[in-house]
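What follows is a single structure, written as structure tokens, with notes after it.
The values are calculated or read from the model by the stated rules, or taken from the named source; none is laboratory data. Just so you know, these numbers come straight off a predicted model, no measurement behind them. So basically every Cβ, Gly included, is an ideal-geometry build from the backbone, and we count neighbours across all protein chains shown. Just so you know, the surface numbers come from the protein's heavy atoms only, side chains and all, with ligands and any DNA or RNA stripped out. Shrake-Rupley method; radii C 1.70, N 1.55, O 1.52, S 1.80 Å.
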Amino acid sequence: MEPVLRVHNITKRFGLNVANDHISFDLKPGEVHALLGENGAGKSTLMNVIYGVYGADEGEIFVRGTQAAISSPKEAIALGIGMVHQHFMLIPAFTVAENIILGMKKELRLDMRSVEAQILEASRKYDLQVDPHALVSTLSVGQQQRVEILKVLFRGAKILILDEPTAVLTPQETEELFKILRHLKEGGVSVIFISHKLNEVMSISDRVSILRRGKITGCFEDLSECTPQVLASAMVGRQVSLGVEKSVKAPGACVLSLEKLCVSDEGKHPVIRDFDLSILAGEIVGLAGVDGNGQSELIKGITGLLPITSGRLTLDGTDLTGKTPRDFIDAGLGHIPEDRHKQGLVLSMSVRENLFLETIQNKPYTKGHVLQKKAMDRKAAELAQFYDIRAASLELDAASLSGGNQQKIIVGRILDQNPKLLIAAHPTRGLDIGATEFVHQCILQARERGCAVLLISTELDEILEVSDRIAVIYEGRCMGVLDAAEATRDSVGLLMAGVREPQTA
């Protein structure tokens, strides 16, 4: 079959950095073709070239056999190419229908009833059940992704680019997405699927191409003869451990104690109710739960970002109830936030500056209110080397780095402070297999030093593999705490659904 999309010798440079180096790649009709590679391998750059966000420096693009000069997303859409970005491009205050037609209709007066009827018909056709009248701000992450997919299909896309589509989805939402993709394949839609989750790639893909350091290094045509381990090694260029190995370690004294903790959201609505939990020195407690059950509010309560309405919080014996975020940091709290863009980095600041966000006021980086550039340069270079932060220059804006390298900035600067308590919220979200392995090792090393760790993740496999004990949150309450060695997907899954409450470990 003639490919519906073919790129030939695509090269894209950013200054001296060659992001895409003579890449050739094709997409067949009605297939899901996965593109695997480490963070910074050039996957998103290639997709942005195909979608017209960037112009290629060299090479050609052919759509259905005809060479195409794509200089903007508008031209890509006209050719039937649609892209769903990792970070959704939706306006929360608008309805589903308003988001879908935004920038599409030119009439001064729109018949919204007719538009909503067309959108409803399209949602049924593509098996993407959404309410055209609903405000996007009221939708779950999975529902928002359906809106993004429907938005490009409504514009006539037959080539769909999905960039890390499952990074923020629950396992249930991921399975729903895969049902949708299989339905779209049957309807003749071709999909480029970018993901770091190897089991998902094996489940949904027809072919897999490997992108490493800006070059296509191979293509797996028959996945029945392939394994996740083979894909991981091809992607990273070395043997990678897909499991987590941790030593047996007796925990120490209690570091974090939550007693009947209650936290309200920013609208003063109660979210966390009578939450009891303790974490000991040298242990990792994983917090499992379907996203949206109060994890964000619990994190903000524990880090001082939301007021505790009742109950008590002590850190290393000090009562911090009602204290400020700076008090928490000074008491030994380290926090890897759940959203690295909104909470973890100042994207317009340099890599070097981002490495000192919590410590900039400390000696030797500041003396007499004057920044000590040499001391900062030495420390920044040390952290960049130790945590393998790959940047052409530490003076580059953090926004210019890949997601994995952005996460390494946060992990490096937090763990370098040797916290007594580490709150690690979704620390590997959107990371490739190599970066995930590295972050897990950093967390385990903190555990070895005696740090108490609260690991929050919607990835149940990550919780089961990394944790010593597992707490489960459901509708803002702690449903129970299990010994990780005895926990199973089923036992944790039942608690995540609020089905039963076993004896607390």
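Work through the residues other than Ala56 whose Cβ is under 12 Å from its Cβ and net out their charges, Lys, Arg +1 and Asp, Glu -1. Write out the running numbers ahead of the final one.
On the way: positive: Lys12, Arg13; negative: Asp21, Asp57, Glu58, Glu60.
Overall, the nearby charge balance is -2.
Kindly state, to the nearest 0.05, the FRET efficiency for Thr11 paired with Ser114, given R0 = 45 Å and r defined as their beta-carbon distance. Can you show the working numbers first?
Numbers: r = 45 Å, r/R0 = 1.01.
For R0 = 45 Å, the calculated efficiency reads 0.50.
Quick one: of the DSSP bridges fully inside the stretch 361-505, what percent are antiparallel, nearest 5? Each step should come with its number before you reach the end.
Details: 8 of 13 bridges.
Around 60 percent antiparallel, to the nearest 5.
Using the crude model of +1 on Lys and Arg Cβ and -1 on Asp and Glu Cβ, and no other charge, please compute the dipole size for the chain relative to its Cα centre, in debye to 20.
Working: 55 positive and 64 negative charges, 255 e Å.
That gives a dipole near 1220 debye.
Order His369, His133, His196 by their accessible area, 1.4 angstrom probe, all chains in place, largest first. Write down the numbers at each step before the final one.
Working: His369 185, His133 115, His196 15 Å².
Ranking His369, His133, His196 by accessible area, largest first, yields His369, His133, His196.
Just reorder Leu482, Leu305, Leu110, Leu35 by solvent-accessible area, largest first, 1.4 Å probe, all chains present. Working shown, then result.
Numbers: Leu482 30, Leu305 95, Leu110 75, Leu35 0 Å².
Output order, biggest surface exposure first: Leu305, Leu110, Leu482, Leu35.
Specify whether the C-alpha gyration tensor of the stretch 233-307 places it in the rounded, prolate or oblate class, a ≥ b ≥ c being the square roots of the eigenvalues: rounded for a/c under 1.5, otherwise prolate if a/b is larger than b/c and oblate if not. Can you show the working numbers first?
On the way: a/c = 3.37, a/b = 1.62, b/c = 2.08.
It is oblate, given that a/c is not under 1.5 and a/b is not larger than b/c.
Given R₀ = 30 Å, what would the calculated FRET efficiency be for Arg449 paired with Ser310, taking r from the Cβ atoms and rounding to 0.05?
Working: r = 33 Å, r/R0 = 1.11.
E(calc), rounded to 0.05, equals 0.35.
Given the convex hull of the Cα atoms of the chain, what is a quarter of its surface area in nm²?
Values: hull surface 102.6 nm².
Orientation-averaged projected area of the Cα hull: 25.6 nm².
Calculate, in whole percent, how much of the Cα-Cα pair population of the stretch 7-55 lies beyond 15 Å.
Counting every Cα pair in the stretch 7-55, those more than 15 Å apart make up 47 percent.
Evaluate the relative contact order of the stretch 336-443 (contact order divided by residue number), counting alpha-carbon pairs under 8 angstrom at least 6 apart; express in whole percent. Provide the component values of the computation, followed by the final result.
On the way: 110 pairs, mean separation 39.4, N = 108.
Here the relative contact order equals 36 percent.
Return the whole-Å distance between the Cα centroid of the stretch 247-273 and the Cα centroid of the stretch 454-468.
Cα centroid to Cα centroid, the span is 16 Å.
Where does each of His8, His440, His85 land when they are ordered by accessible area, with a 1.4 Å probe and the largest first?
Numbers: His8 70, His440 20, His85 40 Å².
Order by accessible area, largest first: His8, His85, His440.
With +1 on each Lys and Arg Cβ and -1 on each Asp and Glu Cβ, and nothing else charged, work out how big the dipole of the stretch 270-376 is about its Cα centre, in Debye to the nearest 20.
Numbers: 12 positive and 13 negative charges, 147 e Å.
For this selection, approximately 700 debye.
Looking at the square roots a ≥ b ≥ c of the eigenvalues of the Cα gyration tensor of the stretch 168-246, which shape do they give, rounded for a/c under 1.5, prolate if a/b is larger than b/c, or oblate?
Values: a/c = 2.12, a/b = 1.36, b/c = 1.57.
Because a/c hits 1.5 or more and a/b fails to exceed b/c, the stretch 168-246 counts as oblate.
How much accessible area does Glu448 have with a 1.4 Å probe, in Å² rounded to the nearest 10?
90
Pull out a ≥ b ≥ c, the square roots of the eigenvalues of the alpha-carbon gyration tensor of the stretch 327-424, then state rounded if a/c is under 1.5, prolate if not and a/b is larger than b/c, and oblate in the remaining case.
Details: a/c = 1.59, a/b = 1.04, b/c = 1.53.
Oblate, since a/c reaches 1.5 and b/c is not below a/b.
Antiparallel as a % of all DSSP beta bridges within the chain, to the nearest 5? Please list the in-between numbers first.
Values: 45 of 79 bridges.
Of those bridges, close to 55 percent are antiparallel.
Give me the number: length gained by fully extending Glu475 to Cys219, i.e. 0.36 nm times residue separation minus the C-alpha to C-alpha distance, one decimal in nm. Walk me through the numbers before you get to the answer.
Details: separation 256, 0.36 × 256 = 92.16 nm, distance 4.42 nm.
Here the segment from Glu475 to Cys219 would lengthen by 87.7 nm.
Tell me the mean residue ellipticity at 222 nm calculated for the chain from its helices only (DSSP H runs of n ≥ 4, each -39500 (n - 2.57), averaged over every residue, nearest 500).
Working: 16 runs with 156 residues, N = 505.
About -9000 deg cm²/dmol.
If you place +1 on the Cβ of every Lys and Arg, -1 on the Cβ of every Asp and Glu, and leave all else neutral, what size is the dipole of the stretch 21-64 about its Cα centre, to the nearest 20 Debye? Working shown, then result.
Details: 3 positive and 7 negative charges, 48 e Å.
Here the stretch 21-64 has a charge dipole of around 240 debye.
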